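Have a look at the structure below before the remarks.
The values are calculated or read from the model by the stated rules, or taken from the named source; none is laboratory data. For clarity, every value in this text was computed on a predicted model and none was experimentally measured. Quick reminder, even Gly has a Cβ in these numbers, built from the backbone with ideal geometry, and neighbours come from all protein chains shown. The protein model used for the area step is the full one, side chains on, heavy atoms only, and it has no ligands, DNA or RNA in it. Shrake-Rupley method; radii C 1.70, N 1.55, O 1.52, S 1.80 Å.
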Amino acid sequence: MTNLKLKLVHLYPLFLNIYGDIGNIRVLQKRCEWRGIELEIQQFNIGDNLDIGTDIFFIGGGQDRQQVEVSEDLQKYKTLLTDEYENNAVFLGICGGYQLMGEYYQPHDAERLEGINILDAHTVAGSTRFIGNVTAKIDYLGENSTLVGFENHSGLTYLRGDTKPMAEIIIGNGNNGADKTEGARSKNAFGTYLHGSFLPKNPHFADYMIKLALQKRYNDEFNLEPLDDTLEFKAHESVLNKAY
Ligand code: GLN
C-alpha cells in the first residue's frame, strides 16, 4: 500500500454516458487499486458543487440533446476548470464530452453549444455519421504504440494553435475524416472520439494518465509498477487494424 492518493471527478455521468464510457472510470479505479494508490471518485451532475483540487476530470459521450444541458451548466465552471487545466490537471473527454472541451459544438438544427475552451478546437455537425472501428498511432507512448476504439459521431472537429492531435489515424475517421487526426491534446487535457470504452483496450494510455496525475499532485515523476496486461492487449489486438 502506498500513501499516494488521487482525486477524480466524473463530470455529468447522468447526461454523458450513453456509450458505456463509465468503463474508463473502472479502469482508472482498478489500475490505481492494484498499485495501492487511493483514487477518490466524485460524481458531478447539474446542481452539484464543484470544488478545486481535482487531479483527473472525466467527461463521457452523449447525444446532442444531452450536450445542450451540459454545455449550459459547464459555463458556470469554465473559469474553475480552466484554472485546473492551467494547474496541469488531467482531463479525458470522450466524443460529446471532448467536443465540449473545445470552443464550441455546432449541432445540425440547434443553437451553437459553448464549450470550456481548454482545447483550441471547434466542432460542427457533419452530414455523415462516422460509425466503426478505429486504429490510430500515438507517438508518445513508446515505439509503434497504437490506440484502438469504436467511433460513433457526426461531429467534425478541427484543431488549431497549440492543441495537437492525440494520435494519427491508421484506420477509421477520427476528428473529421479528412486530416487523419484523432483526438486532441493540450497540456494534460486529452479528448478522443474512441468509445469502446476507450481505456480497457488501451491500458498504456490509462497508465500514462495516472502518471501525469501523480506528477501534477506530488510534483514528482513516478514509475508505475507494471501490471499483467495480457488480457487487455488481447482486447486491443482484437480491434487493431480491423476495418469497419
Ligand atoms: N452528439 C455528438 C456527435 O454526434 C457526440 C456523439 C457522441 O458522444 N458519441 O458528434
#### Entry: Any hit, the stretch 92-101, residues being away from the ligand (no atom under 12 Å from the Cβ) and either open to solvent by 10 Å² or more (accessible area, probe 1.4 Å) or touching a Cys at 6+ places or on another chain (Cβ under 8 Å) (or both)
no
### Message
So, in the stretch 12-36, how many residues would count as being out of contact with any helix residue (DSSP H, G or I) (no Cβ under 7 Å at 6 or more places or on another chain) and farther than 19 Å from residue 149 by Cβ?
### Response
7
### Query
All but one of (1) over 15 Å from residue 191 (Cα atoms); (2) more than 15 Å from the ligand (Cβ to nearest atom) hold for residue 120; which doesn't?
(1)
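So, residue 144, is that one at pLDDT below 95, open to solvent by 60 Å² or more (accessible area, probe 1.4 Å) and either acidic (Asp, Glu) or more than 16 Å from the ligand (Cβ to nearest atom) (or both) or not? Break it down into steps so the answer makes sense when it comes.
Details: at pLDDT below 95: yes; open to solvent by 60 Å² or more (accessible area, probe 1.4 Å): yes; either acidic (Asp, Glu) or more than 16 Å from the ligand (Cβ to nearest atom) (or both): yes.
Yes, satisfied.
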### Summary
Contact list, first residue from the stretch 136-161 and assigned to a loop (DSSP other than H, G, I, E, B), second anywhere and crowded, with 16+ Cβ neighbours inside 10 Å and hydroxyl-bearing (Ser, Thr, Tyr), beta-carbon distance below 9 Å, six or more apart or interchain, is 138/145; 138/146; 139/145; 140/208; 141/208; 161/186
#### Entry: Residues located in the stretch 170-202, provided they are touching a residue at least 60 places away in the same chain (Cβ under 8 Å), buried (at least 20 other Cβ atoms within 10 Å of the Cβ) and assigned to a helix (DSSP H, G or I)
199
### Query
Say we look at the stretch 18-74 and pick out the residues that are in a helix (DSSP H, G or I), within 16 Å of the ligand (Cβ to nearest atom) and polar (S, T, N, Q); which of these is nearest to the chain's Cα centre (by Cα)?
24
### Task
With the checklist (1) more than 11 Å from the ligand (Cβ to nearest atom); (2) part of a strand (DSSP E or B) in hand, flag the one item residue 130 doesn't pass.
(1)
### Task
Could you tell me whether residue 112 is under 20 Å from residue 17 (Cα atoms), touching a strand residue (DSSP E or B) at 6+ places or on another chain (Cβ under 6 Å) and open to solvent by 50 Å² or more (accessible area, probe 1.4 Å)?
no
